[in-house]
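Asker: I have a structure here, written as structure tokens, and I will follow up with some questions on it.
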Ligand code: PMP
Ligand code: GLU
């Protein structure tokens with residue numbers, strides 16, 4: 001039988017970040033020594049106290065379904081964290097999900113009708129586009145690459161792009177793939193536009209805990225006027241090195257959380273029970289380990305920027321997350337293919353994020369391996 005595929009699935013391509021990471025893993029399985037700077041995954045193990053909390057919870061019999069929106073203890077811990085960040089939040093606003101990705105997916109499925117307009121700030125993480133397309137939304141994109149990925153200089157373009165037809169704007173700061181932290185001035189301008197044109201903003205704050213040089217990121221949902229038009233998305237993958245645990249959440253006005261709960265209940269039922277218990281421990285007792293990991297990323301950032309600068313390559317300095325955008329040839333796809341095939345260094349083409357001419361480098365790797373990557377790229381005339 002020839003299967004007939006839906007428009008929904010035909011509209012999207014596989015995740016570029018995961019595809020390249022899979023290719024790197026395949027090459028490694030074939031015996032090739034690849035420096036994998038493709039996927040955004042901390043190279044640290046999950047802190048021990050979090051693992052212990054999961055084991056204890058499992059041993060105590062927390063292995064069944066939980067309430068769909070999450071266990072009360074975790075929802076309370078999340079609401080307390082968001083309140084600390086200045087976001088008005090009660091447990092009724094919180095939905096615990098298997099990963100930040102699932103949180104975003106549910107929000108788009110809940111709020112986007114066929115043909116609704118969604119605005120992205122490019123370069124934007126690969127899965128926003130795919131999720132919007134699956135939901136049937138129409139994308140409009142505002143490019144920040146010409147402005148060193150900052151939002152203030154791109155505000156005039158944003159103002160021209162949004163309109164009363166805009167349903168959602170997606171903001172991701174610190175940003176994947178560039179690591180820039182949007183200024184308060186830029187976020188206030190976003191707020192003013194959202195209020196003027198009456199649209200919702202999804203604020204993806206999954207890298208909020210990983211910032212450098214003493215910079216702190218303001219949560220969009222903490223700004224006056226944003227309390228009923230912000231959906232804050234976060235997850236445990238990055239800050240707590242918990243990618244494989246699959247735990248995330250969103251917080252939104254109660255009626256949105258409740259409607260999204262239908263999609264959640266009919267698709268995933270709930271996040272894994274003992275993983276949710278580990279999430280409570282992560283939020284409440286892991287500040288030191290998070291700070292140590294952030295310091296290590298900052299150190300690697302500095303080393304990598306210096307290595308590129310020594311070779312005459314000027315890279316915009318990330319202020320958070322663990323990515324940087326390396327300017328490469330116009331044909332960034334061909335550059336990335338040469339980098340992996342010839343130098344055995346895996347990176348992701350900027351065009352996957354809507355911004356050709358760059359390769360995204362994830363520096364969630366040891367300093368030795370980062371140095372090795374730079375040497376290899378240099379030897380193969382890729383810098
Ligand atoms: N948002 C951004 C910007 C990301 O880079 C990621 C990484 N996968 C996610 C959300 C989702 O992460 P996860 O599903 O592992 O929580
Ligand atoms: N967010 C990470 C990245 O951009 C993990 C892979 C993914 O989910 O896309 O590489």
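The values are calculated or read from the model by the stated rules, or taken from the named source; none is laboratory data. Since we're looking at a predicted model, the values are computed, not measured. Note: ideal-geometry Cβ built from the backbone for every residue, glycine included; neighbour counts use all protein chains shown.
Asker: Within the stretch 354-363, work out how many residues are crowded, with 23+ Cβ neighbours inside 10 Å and touching a residue at least 60 places away in the same chain (Cβ under 8 Å).
Answerer: 6
Asker: Now, a different point. Go through (1) within 11 Å of ligand 2 (Cβ to nearest atom); (2) farther than 29 Å from residue 282 by Cα; (3) in a loop (DSSP other than H, G, I, E, B) for residue 13 and report which single condition fails.
Answerer: Here residue 13 meets the rest and fails (1).
Asker: Can you tell which of 244, 265 is farther than 15 Å from residue 207 by Cα and within 21 Å of the chain's Cα centre (by Cα)?
Answerer: The unique qualifying residue is 244.
Asker: Ok, one more. So in the stretch 5-28, with the set limited to residues that are without any contact (Cβ under 8 Å) to a residue 40 or more places away in the chain, within 21 Å of the chain's Cα centre (by Cα) and under 15 Å from residue 347 (Cα atoms), which one is nearest to ligand 1 (Cβ to nearest atom)?
Answerer: Filtering the stretch 5-28 for residues that are without any contact (Cβ under 8 Å) to a residue 40 or more places away in the chain, within 21 Å of the chain's Cα centre (by Cα) and under 15 Å from residue 347 (Cα atoms), the one nearest to ligand 1 (Cβ to nearest atom) comes out as 18.
Asker: Here's another thing I want to ask about it. For residue 218, indicate whether it is farther than 25 Å from residue 126 by Cβ, at pLDDT 95 or above and under 17 Å from the mean Cα position of the chain (by Cα).
Answerer: Working: farther than 25 Å from residue 126 by Cβ: yes; at pLDDT 95 or above: yes; under 17 Å from the mean Cα position of the chain (by Cα): yes.
When the stated conditions are applied, residue 218 passes them.
Asker: Is it fair to say residue 80 is part of a helix (DSSP H, G or I), modelled with pLDDT of 95 or more and away from ligand 2 (no atom under 16 Å from the Cβ)?
Answerer: So residue 80 fits the description; yes.
Asker: Here's a follow-up. Test residue 224 against the criterion of being without any contact (Cβ under 8 Å) to a residue 40 or more places away in the chain, farther than 27 Å from residue 114 by Cβ and out of contact with any helix residue (DSSP H, G or I) (no Cβ under 9 Å at 6 or more places or on another chain), and give yes or no.
Answerer: Details: without any contact (Cβ under 8 Å) to a residue 40 or more places away in the chain: yes; farther than 27 Å from residue 114 by Cβ: yes; out of contact with any helix residue (DSSP H, G or I) (no Cβ under 9 Å at 6 or more places or on another chain): no.
Answer is no for this residue.
Asker: Within the stretch 275-285, identify whether any single residue is out of contact with any helix residue (DSSP H, G or I) (no Cβ under 6 Å at 6 or more places or on another chain) and either within 16 Å of ligand 1 (Cβ to nearest atom) or without any contact (Cβ under 8 Å) to a residue 24 or more places away in the chain (or both), and answer yes or no.
Answerer: no
Asker: Among the listed residues 240, 249, identify the single one that is in contact with a helix residue (DSSP H, G or I) (Cβ under 6 Å, 6 or more places away or on another chain), within 11 Å of ligand 1 (Cβ to nearest atom) and within 21 Å of residue 92 (Cβ to Cβ).
Answerer: Values: 240 fails: within 21 Å of residue 92 (Cβ to Cβ).
The unique qualifying residue is 249.
Asker: Sticking with this structure for a sec: Out of 86, 99, 115, report the one residue that is surrounded by fewer than 24 Cβ atoms within 10 Å (Cβ to Cβ) and within 16 Å of ligand 2 (Cβ to nearest atom).
Answerer: Answer to the check: 99.
Asker: Going by what's in this entry, would residue 2 be described as in a loop (DSSP other than H, G, I, E, B), farther than 19 Å from residue 356 by Cα and either modelled with pLDDT of 95 or more or within 16 Å of ligand 1 (Cβ to nearest atom) (or both)?
Answerer: It is false that residue 2 is in a loop (DSSP other than H, G, I, E, B), farther than 19 Å from residue 356 by Cα and either modelled with pLDDT of 95 or more or within 16 Å of ligand 1 (Cβ to nearest atom) (or both).
Asker: Which condition from (1) modelled with pLDDT of 95 or more; (2) out of contact with any strand residue (DSSP E or B) (no Cβ under 6 Å at 6 or more places or on another chain); (3) more than 16 Å from ligand 1 (Cβ to nearest atom); (4) within 26 Å of residue 241 (Cβ to Cβ) is the one that residue 61 breaks?
Answerer: (4)
Asker: Which residue out of 104, 37 is in contact with a strand residue (DSSP E or B) (Cβ under 8 Å, 6 or more places away or on another chain), within 16 Å of ligand 1 (Cβ to nearest atom) and under 22 Å from residue 264 (Cα atoms)?
Answerer: The match here is 104.
Asker: When both residues are 6+ apart or on different chains and their Cβ atoms are under 9 Å apart, which pairs have a first residue that lies in the stretch 334-353 and is free of Cβ contacts under 8 Å to residues at least 12 places away in the same chain, and a second that is within 16 Å of ligand 2 (Cβ to nearest atom)?
Answerer: 334/349; 337/349
Asker: Just to be sure before I move on: is residue 107 surrounded by 20 or more Cβ atoms within 10 Å (Cβ to Cβ) and in a strand (DSSP E or B) in the structure I sent?
Answerer: Numbers: surrounded by 20 or more Cβ atoms within 10 Å (Cβ to Cβ): yes; in a strand (DSSP E or B): no.
Against the criterion (surrounded by 20 or more Cβ atoms within 10 Å (Cβ to Cβ) and in a strand (DSSP E or B)), residue 107 does not qualify.
Asker: Is there a residue being more than 21 Å from residue 168 (Cα to Cα) and either touching a residue at least 60 places away in the same chain (Cβ under 8 Å) or in a loop (DSSP other than H, G, I, E, B) (or both) anywhere in the stretch 88-95?
Answerer: Within the stretch 88-95, one or more residues are more than 21 Å from residue 168 (Cα to Cα) and either touching a residue at least 60 places away in the same chain (Cβ under 8 Å) or in a loop (DSSP other than H, G, I, E, B) (or both).
Asker: Taking into account only those residues within the stretch 28-53 that are in a helix (DSSP H, G or I) and surrounded by fewer than 17 Cβ atoms within 10 Å (Cβ to Cβ), which is farthest from ligand 2 (Cβ to nearest atom)?
Answerer: So, considering only residues that are in a helix (DSSP H, G or I) and surrounded by fewer than 17 Cβ atoms within 10 Å (Cβ to Cβ), the one farthest from ligand 2 (Cβ to nearest atom) is 52.
Asker: Of everything in the stretch 138-153 that's surrounded by fewer than 22 Cβ atoms within 10 Å (Cβ to Cβ) and touching a strand residue (DSSP E or B) at 6+ places or on another chain (Cβ under 8 Å), which residue is farthest from residue 103 (Cα to Cα)? Explain how you work it out, then say what you get.
Answerer: First pass over the stretch 138-153, keeping only residues surrounded by fewer than 22 Cβ atoms within 10 Å (Cβ to Cβ): 138-143, 145-148, 150, 152-153.
Next, only the ones that are touching a strand residue (DSSP E or B) at 6+ places or on another chain (Cβ under 8 Å) stay: 138-143, 145.
On the way: 138: 20, 139: 19, 140: 22, 141: 22, 142: 24, 143: 25, 145: 27 Å.
Among residues in the stretch 138-153 that are surrounded by fewer than 22 Cβ atoms within 10 Å (Cβ to Cβ) and touching a strand residue (DSSP E or B) at 6+ places or on another chain (Cβ under 8 Å), the one farthest from residue 103 (Cα to Cα) is 145.
Asker: Additional query: Identify, from the list 370, 377, the residue that is surrounded by 17 or more Cβ atoms within 10 Å (Cβ to Cβ), farther than 20 Å from residue 126 by Cα, at pLDDT 95 or above and in contact with a helix residue (DSSP H, G or I) (Cβ under 6 Å, 6 or more places away or on another chain).
Answerer: Details: 377 fails: in contact with a helix residue (DSSP H, G or I) (Cβ under 6 Å, 6 or more places away or on another chain).
Just a single option satisfies the conditions, and that option is 370.
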